[in-house]
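Shown next, in structure tokens, is the structure this report addresses.
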Amino acid sequence: VQLQASGGGLVQSGGSLRLSCASISIFRIDPMGWYRQSPGNQRELVATITTSGNTNYADSVKGRFTISRDNANDTVYLQMNSLKPEDTAVYYCYGQTWGSDYWGQGTLVTVSS
């Protein structure tokens, strides 16, 4: 299983970014999602989505971030709006299959105030 994330960058507070994560696997990845880790903090859940479209969001991003999924291509997206400096972190794509967890390489999101 390989997860290839892209879309990070530098944005001003209040701006938007869209992250993408494509999976390469012979197995269906379910769920897929995003975690993030900022310096000095543990990795935390951002959002996950199942193949049936069930979503789960961290309270800190509800109403600002939207996760979506293209099941045909096993690709997951994270639309991030109204970004805040506290959203600054390395964002990791996540996927699960056959009871094992897989992680992408991480993409840095920096939100300037």
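A few points about this structure:
- Tally of residues being within 15 Å of the chain's Cα centre (by Cα) and in a loop (DSSP other than H, G, I, E, B) across region 64-91: 5
- Checklist (1) closer than 13 Å to Gln96 by Cα; (2) touching a Lys or Arg at 6+ places or on another chain (Cβ under 6 Å); (3) among the polar types (S, T, N, Q) applied to Gln37, failing item: (1)
- Of the residues making up region 1-16, those that are open to solvent by 30 Å² or more (accessible area, probe 1.4 Å), over 18 Å from Thr97 (Cα atoms) and in a strand (DSSP E or B) number 3.
- Scan region 92-113 for residues that are within 16 Å of Pro31 (Cβ to Cβ) and assigned to a loop (DSSP other than H, G, I, E, B) and the total you get is 3.
- Scope region 25-37; condition in a loop (DSSP other than H, G, I, E, B) and surrounded by 15 or more Cβ atoms within 10 Å (Cβ to Cβ); matching residues: Ile29, Asp30, Pro31
- When residues of region 63-75 are limited to those that are touching a Leu at 6+ places or on another chain (Cβ under 9 Å) and surrounded by 15 or more Cβ atoms within 10 Å (Cβ to Cβ), the one farthest from Ile26 (Cα to Cα): Arg64
- Selection from region 38-62 of residues that are under 22 Å from Gly14 (Cβ atoms) and open to solvent by 90 Å² or more (accessible area, probe 1.4 Å): Asp59, Lys62
- Residues located in region 38-53, provided they are part of a strand (DSSP E or B) and either of a type in the set (A, V, I, L, M, F, W, C) or out of contact with any strand residue (DSSP E or B) (no Cβ under 7 Å at 6 or more places or on another chain) (or both): Leu45, Val46, Ala47, Ile49
The values are calculated or read from the model by the stated rules, or taken from the named source; none is laboratory data. Computed from a prediction, not measured in an experiment: that's the story for all the values here. Every residue, glycine as well, gets a Cβ built from its backbone with ideal geometry; the counts of neighbours run over all protein chains shown. When the accessible area is computed, the model is the full protein with side chains, heavy atoms only, and any ligands, DNA or RNA have been set aside. Shrake-Rupley method; radii C 1.70, N 1.55, O 1.52, S 1.80 Å.
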